[in-house]
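Report on the structure given below.
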Amino acid sequence: MNVKSSTEAAELIPRQSDPENEESPPSIFDRFLTPAELFYVRNHFETPRIDGREWRLTVEGGARRVEFDMTALRSMERATLTATLECAGNSRALLEEKAKGVQWALGAVGTAEWTGVWLADVLERAEPAGGVKEVILEGADRGAIDEEPKTPGEIAFARSIPLEKARDVLLAWAMNGEDLPERHGYPLRAIVPGWYGMASVKWLRRMALVEQPFQGYFQTFEYSRWVEMAGYRSLAPLHAGEVKAEIAAPAAGEAIGAGTTYRVRGAAWAGESAIQTVEVSANGGGAWDQAQLLDRPARYCWTRWQYDWRTPSGRGRATLMARARDASGRVQPLERNKLERSYAVSHVLPVDVMIT
Ligand SMILES: Nc1nc2c(c(=O)[nH]1)N[C@H]1C(S)=C(S)[C@@H](COP(=O)(O)O)O[C@H]1N2
Ligand SMILES: [Mo]
C-alpha cells in the first residue's frame, strides 16, 4: 500500500513580506501539535520589539485601573489550553472567485498548547461594573492603512470580546511549553478558543472594559460578515469558527497510481465545537465513506483523519472531497456562502488528482 508521508520542505511558506505573513507547510498535519517554527504567522503591522522586563499590561474601564508586569502574571494561578487557531482568511486562495487579502491556501491554521492565566482572573482585579459588555484587547503593533477605507493615521491592532466569551479566554505567555516567540505575540497574547484567529490578539498591552459594542477597524471594515437583522443585511464581527475538513494529502494535481490503495489524510476542526465525523467522497459527492479519526475529538481542537482510498482502475482525473460534521450537528456545506465576504472559507474544497 502507498502510504505517503509529507515530503514537502518543513518550512514556513512566505505569503507576504512587510508585514511578515507566512503559511504553515503541509507537513504540520503529520503531528497533533504544530511546532512554533512551523506555525503560520499573520501580522497586519510590523512586529513590535518588546523588552519583557519593561513590558506592562494595563486594564482600564473598571472601578480600578490595574497594571501587571510579567512577574505579577506568573504569580497568579496558571492554566493550560490546547486550541487550534485558524485565520479567517485561510483557504481564500482556493476560492473560484478571487477574494482580496493575503492568498492563504490550506496552512493558515495550527494547533498549540498555550499556557498563561485566565483573562477573567485578570479582569476581576479591575472590578468591572455591572454594565460592562465587552473587553477591548489592544496589541502593541500599530500602523496606518493606506488603502480605502483609510485610517486616520496610525491605529493599533485591537479587537473586542463580549464578556460572556471572555470567560474562555487565556492570556498566554507560552506556546508548546516555551516562551512565546516574538512573532507569535511575545510576551503575552490572548487565545480565544474556537474563534477565528483575529480575536487572539498578540503583543497584548492594554485592555479596556466598555459598555457599548466596539466598532474597531478589525471587526467592521475587516473580519466582519453579512448577517440578517430584522430582514436587513447587517455587518457583524466574525467570531466562532465554522466546521471544516481539509485534505492535506493528496495535494491538488498529484499523480496517483491506478488500482492501488492511497491513504488520504487531513485534519478537521469545528470552532467552539468538536468534530464528530469526517467523510470522504471520491465520486463528486455521490457517495460518502467514513474516514478514521486519528485524534480524540475535543472542543477547540482539530482532529486529524485518514481514509484508505481504493483508486480507480482506469487513468484520468479524479476528485476527492472531505466533509466534516461536528458535535453540535453542523455539516460542512458544498457551496460557498457569499455572505462571508472574503473570510470563513469553510465549504467543501474538492481536490483534483491524476490517476496514472
Ligand atoms: N496584535 C496583533 N494580534 C494579532 C494579529 C495582528 O496582526 N496583530 N493578527 C491576528 C490574526 S488575523 C490571526 S489569524 C492571529 C495569528 O496568530 P499567529 O501569527 O500567532 O499565527 O493573530 C491575530 N492577532
Ligand atoms: Mo487572521
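The values are calculated or read from the model by the stated rules, or taken from the named source; none is laboratory data. Values in this document were obtained by computation on a predicted structure and should not be read as measured data. Cβ coordinates were reconstructed from backbone atoms using ideal geometry, including for glycine residues, and neighbour counts include every protein chain displayed. When the accessible area is computed, the model is the full protein with side chains, heavy atoms only, and any ligands, DNA or RNA have been set aside. Shrake-Rupley method; radii C 1.70, N 1.55, O 1.52, S 1.80 Å.
Of note:
- Restricting attention to the chain, lysine pairs at least eight places apart or on different chains and with alpha-carbon atoms under 23 angstrom apart total 13.
- In the assembled protein chains, Glu67 presents an accessible area of approximately 100 Å² (probe radius 1.4 Å).
- Square roots of 5 times each gyration tensor eigenvalue, C-alpha, the stretch 1-116, largest first, Å: 34, 20, 14
- Alpha-carbon gyration tensor eigenvalues x 5, square-rooted, for the stretch 197-356, Å: 36, 17, 14
- Environment charge at Leu235 (Cβ cut-off 13 Å; Lys +1, Arg +1, Asp -1, Glu -1): 0
- Calculated P(r) tail over 26 Å for the stretch 81-228, as whole % of Cα pairs: 28
- Selection from Gly329, Ile275, Gly314 lying farthest towards where the dipole of the chain points positive, charges on Cβ: Gly314
- Springs between Cα atoms under 10 Å define the GNM used for the chain, and in it the highest mean-square fluctuation of Ala298, Ala249, Ala72 occurs at Ala72.
- Largest accessible area first, the listed residues Ile136, Ile161 line up as Ile136, Ile161 when surface is computed with a 1.4 Å probe on the assembled protein chains.
- Based on every Cα atom in the chain, Rg and the maximum pairwise Cα distance Dmax equal 21.1, 72 Å.
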